[in-house]
Structures are given as structure tokens and as C-alpha cells.
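Working notes, beginning with the structure itself.
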């Protein structure tokens, strides 16, 4: 394979480069006999055709290319173009295919796909390239060298249940196409596919998957890429990518002191540190253009020959000077400014002429001012009319009239409809300084002056709004306004005069459960009883939402969305923008947060009450372990918990602040509840009302005046401090037969991005 050979040879280029630079006493100018063009590609110095040790000195060490069949190559990688000013080169790289073989009934691919640029002046551009994966059921990885490498990433590309009709031209966000960025300074990469993802069941519609590091500006996804060989054929199996290059391994400050090896030798050049690793590049100073790596390479630009780019307002007044140009008024027009066209003759005008002209000018100016004022008033009226029309149009499209009619019929409703102007005034026209939170469903602002008492409120702009359900949204908001529970943030009203609905909630000033668990350092307000109380209140709130006649599924349960009151009471927030689930609703867009997502939801895109149960299970693990749902290395807390249970090391995972012997029975009980919430099969997870009842029992008596969930309770299976399962004799995979935990964790991480 060509890339194998290049990977083996390039490190020797680095050794040769270092030896050559150390031996060079001064940079010799290149010979005029050097070949400066290969086919249609210009080869400017410091690049050159031929070996480094050529007597003609056609290139700097490490920048030598070969010309074969009218095409330039770096060893056996074709070079498509070189930019001196921007310091990059375009090259062709082989694409990695992974296809189902109908004869052998197996997936066929090419292993060991890699490229090593270490020891050379080249680095893969992190701004110009994207790791691109195309296919309907594939997971591909990109990484640097095995064992000693520091970088690894991957990309999942899926088609919902193999249905390619959901693909969209130009969209590369995980549906048939996936892209991810690479880090700075990368000089080695290899590509391989996860064998657990294959096209066995969908080879009739999507037989092959492809992966490649591709020039981002040169790639636009087409639906045919995922269903045929069109992606491979478009680039003949070798899509272009961008490599940055730089001179040496020193900064400009250091290199400039070494005059014998400094590459910016033109007197009109300047040095720039590389943005992608060590080294520097050279450019001509302003007003000059050409090759800064040659003694006379930077030539003065004659701006007067390009009046479209460097115009003088007065024709014929441009004068070229070093580093720029001047616009000088002609001798017979000594007054004024040639840059803005005010050159005037030096002649005086008689007073009898200037007075009438002045009067006439004043009249004209006055008339123009009057007409201008009337025009401004007219434009303002038009803008105001358009503003009102747009508000009314949005109000009608969002079901506002239906909501008003329903509010009149029902009467006695505290839910309020706000005008657009009230919302804009309360948020200072949605000023960025008013933002107090951003989530998957919208942006939250703090608002003032919306009621007589000037109490602050939380104002949320919904995003990802379903256009097909606009007329139903008003009715659903009215239903949400009846959601009243002391552990749920109350919705106070809305404004339907924006393109997307704006919701108004009561303002909870304290911090979140995430802050309590992971940030604040006062252990006295993080005791086990307090944690159990918070867990019971969250569960009661979710159980209440699930028990409504039209159930409300939160869809993004996480510690950041749990606010805390003055008495550390839990307040569930960040719901309302999501639509209330109807009987035949199918969610088409992945919603949620990495680490909390229900893996079963990722398989069928259907949000259920058991999706909230799974996410709540992750919150329970946070409460008893004080670990985040995903570590800095993207390790899932669920995976860590599973391994601890398998290896009977659950006690070591529990937070030391509460891991006393007297607390252990309760902690193991909570761990058992979390385990059942995290079962992969949604049907085998408990109902939230069961979880709420069990946590209420563990938390102890509820203070008088506190409302809890009441309903018919079905006991949880195997719950209790004496359960063997709580001590580590089970795994979360026990209840699933169609996906391993590793694959589901991969799906959860990749889709949640």
C-alpha cells in the first residue's frame, strides 16, 4: 500500500533535515536551473524538485519533492498545490473503505491505514481538515501512533433503522455522515473501523462505509455517498487534505538571531510563528508581494496599476511609492484632498455671487432636512407596522388565539400571556449579560419588571421548535401551567409573538445540584440524609409528571437541571420547550446530554417515561459517588459503576464523605435502586413512582406541609439493604440481549455530541 511506504520513509527525512541544518553555515540561494513547475503545479522555493543534497540547492532541507508523470509528489503522496503566504499545501490521501462481501458474508476492509509526518516540516491542519465518516451503520476511529500515542477520537454514522430516506444533502451531523475535528500539531494518524458495526442487514441499500481525513472546504455530503460508491468515486479514492508546513523548530525571535540559517532573507519580508506547532513562515511586508525566501523575492506593488483595489478619487492623481501609494492633487488644483475627490482650483469667487449661492444652498439644505425628517418618520411607521404584523403573525402561527379562547372558557387561570415588548424590555433586548443558562432546549435569561412587585423571573427562548405542531403548542402550554408541584419550577406564562415560543418561569436564585455535589466544599450540607431527601424529591417530581393524564416526559434529567431552594429542596427545571408526548409521536432528533442519555432511546428515537428513569439513575450515582456523569477522559460513570459491581468494589466507589459503616446499608440500597434504573431494557426498569416511594422510605419522614407523590405503588423487585445484588453479584448487561454495554456507551457518547 503506498501509505505504508510513506509512513516508513518519512521519519528518515526528519533525521536528514536535522543533520543538514546543523551542517549549513548559511542559506545558499537556489540555482536558476531549478525546475519550478511540475505539470500545472507551481513549485516555489523553499520547495523544489530533486534531492536535498542536489548541487543546485533547489529546496530547503525537508522541502524536496519529486515530479513523476507531470505531477509533484512527497515520496508517493501527490501534491496538488502550495501556498507560500498561508503556509500550507494540498495533498491527496487514500480513503479507507469498509464493505460487506456478499460472497464471503463478511466485512472487508484495509487495516493499518496510516501516515507518519513526524520529523518533517508538515503537520495536518486542524482548521483545514475534518475526519469524515460516511455510512449507514459504522463507527470509525482516528488516532496517532499505538502505545505511545496521545490522541484518539471516533465518529459514528447511522441511518435510523436503515432508512436512507431520512438523509439530507449537505447535512453531516451523524445521520449517514459524521465529522470530527483533529487537534493541533498532529503529524501521525491511522484509521480503522469498529468491527462491531457492519452492514450485514442493510447491504442492499448501504453496502460500504468510508473514512478519510478530508479538506473541510472541499467536502459537501450527498445522500448518494451513503448508498453507493459515489463518495469514493468522486475523489477516485483519494480526497484532498491540507497540511501546514513551517521552517525549522524555532520561534521567529530565536531564528532571527541566527542569521546564517534564517529563511526570511528578503529585505522586505517578515516572520510569523506557526499556528500549528513549532517553526515559522515568512511573508512579504505590506506593499510588497512575491517570495520572501529569496533575496530579491519581495517586489514593490505598483498600486497605481490596480485602481479598482487602490483607487484615488481624482483620476490621474495616483503616485506609486515604496510600501504604498499617494493621491496628489494636480498642480492647477492645489486645494483639497485627492483621496476623497475634493481637489479644487485656487480661485476666489466674488461676494455678489457667493451670497445668492449661500442663500440658495440654505434653502436647499432646509428643504432636504424637512424631506429627510419626513422620510425617517415614514420609515419608522413602516418598521413599526412590520414589527406589529410579524408579532401578530407569530402569535397566530403559535396557536395564540386558541390559547386565549381556552383561557376565557376555563377562567381563573394564573397563566399569563406577555407581549413581545414586555419580554424584550425585561431582558434588555436579550442582552448577553442577562443569560443565566444554556441547555439543549433553549437559552435562559433573567428578567425584571414583569410584575408589580418586580420579582425576577427566568425567561427561556425555545430552540429546535417543531413547526408542524405550532397550532397545538398553546393548548399544551395551558396543560403545563397546571403542573403544580413544590419540587417543580412553576411556569408562569409565555409570549407567542416570537418565531419560537418564549416561556416565563419562576426564578430560583440558588445554585444547582451539580454545584452542590461537585463544586462547593462544605461537607456539612452534603450529608447522606440531605442527599436522600433531594433524591426523593426529584423522584417525586418526575413521578408526578409521569402520572398526569397527558404524561410529561422531561427528556434531559441531569444534576445541572435540578435547582435548589433555600432549604436545599430540589426543584426540577428545564422542561416545557419539549412537546408533550402524544400517542403516535416519534422523536426524530437526538435530545439529551452525554452521559445521561438512555441507550435504548438512541436505538429507536422514542422518548418514554423509562428514558427519565435511566437519566435519574445516573443522578443517583452522582449523589452517592460525587463523580460526574462523564469524566474528563469521556469515561462513563455508568461504566465505572458496572465494573465496580462486577468486581465487588462498589464500596470503594462510594463518596468517602458518607461511606461510614452506619450509612452503608442505605447506600447499598440506593445503589440497587440506581442499578435497576440503569437496566438497558426499558421494560425491565421500575416505574418512577416505585422509585419515588422507595426513596421516600429511605429518606425518612417527610416534613409536615411537604407534598409527595401518592398513588398505587408496585413494590420494586429485589430492593432492600439485604439484597445480594447490591453487593456486586450482578451486571447491568443482565437484562439486555441485543447490544453490549460497550456499544451502547459508544452510541451514547457519540450521539450526545
Only Cα pairs under 8 Å and at least 6 apart count here; give the relative contact order of the stretch 613-699 as a rounded whole percent.
-> 38 percent
Just grab the label-to-label distance for residue 105 and residue 148, each label 7 Å out from Cα along the Cβ direction, in nm (one decimal).
-> 4.4 nm
Highest mean packing first, using Cβ neighbours within 10 angstrom, the peptides 478-485, 503-510 sort as 503-510, 478-485
Compare the peptides 255-266, 382-393 by average per-residue count of other Cβ atoms within 10 angstrom and give them in order, highest first.
-> 255-266, 382-393
Segment residue 141-residue 238, extension gain: residue separation times 0.36 nm, minus the distance between their alpha carbons = 33.1 nm
Contour excess over end-to-end distance, with Cα ends at residue 80 and residue 361 and 0.36 nm allotted per residue = 94.9 nm
Label-point separation, residue 53 to residue 230 (7 Å along Cα→Cβ), nm = 5.2 nm
Could you state the number of Å between the C-alpha centres of the stretch 379-411 and the stretch 128-187?
-> 44 Å
Let me know the shape class of the stretch 90-245, please: from the alpha-carbon gyration tensor, a ≥ b ≥ c as square roots of the eigenvalues, rounded when a/c is under 1.5, otherwise prolate if a/b is greater than b/c, or oblate.
-> prolate
Take every Cα pair under 8 Å in the stretch 161-319 that's 6+ residues apart, average their separations, divide by the length, and report that relative contact order as a whole percent.
-> 15 percent
Ordered by packing density, taken as the mean number of other Cβ atoms within 10 Å over each peptide's residues, highest first, how do 683-692, 645-654, 293-302 rank?
-> 683-692, 293-302, 645-654
Find how much the distance from residue 275 to residue 378 grows on full extension, using 0.36 nm per residue of separation minus their present alpha carbon separation; answer in nm with one decimal.
-> 31.9 nm
Ranked list, fewest to most other Cβ atoms within 10 Å of each Cβ, for 275, 598 | 275, 598
Rounded to the nearest 0.05, what FRET efficiency do residue 257 and residue 635 have when you use their Cβ-Cβ distance and R0 = 41 Å?
-> 0.35
Between residue 449 and residue 401, what is the label-to-label distance in nm when each label sits 7 Å out along the Cα-to-Cβ direction?
-> 3.2 nm
Name the shape class, rounded, prolate or oblate, that the alpha-carbon gyration tensor gives for the stretch 625-690, where a ≥ b ≥ c are the square roots of its eigenvalues, rounded holds for a/c under 1.5, and otherwise prolate holds if a/b is larger than b/c and oblate otherwise.
-> oblate
Honestly the stretch 252-300 on the Cα gyration tensor test (a ≥ b ≥ c root eigenvalues; a/c under 1.5 rounded, otherwise a/b vs b/c for prolate or oblate) is just oblate
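We did not get these values from a lab; they are worked out from the coordinates using the rules stated. Just so you know, these numbers come straight off a predicted model, no measurement behind them. Positions of Cβ are generated from backbone atoms using ideal geometry, with glycine treated the same way; all protein chains shown enter the neighbour counts.
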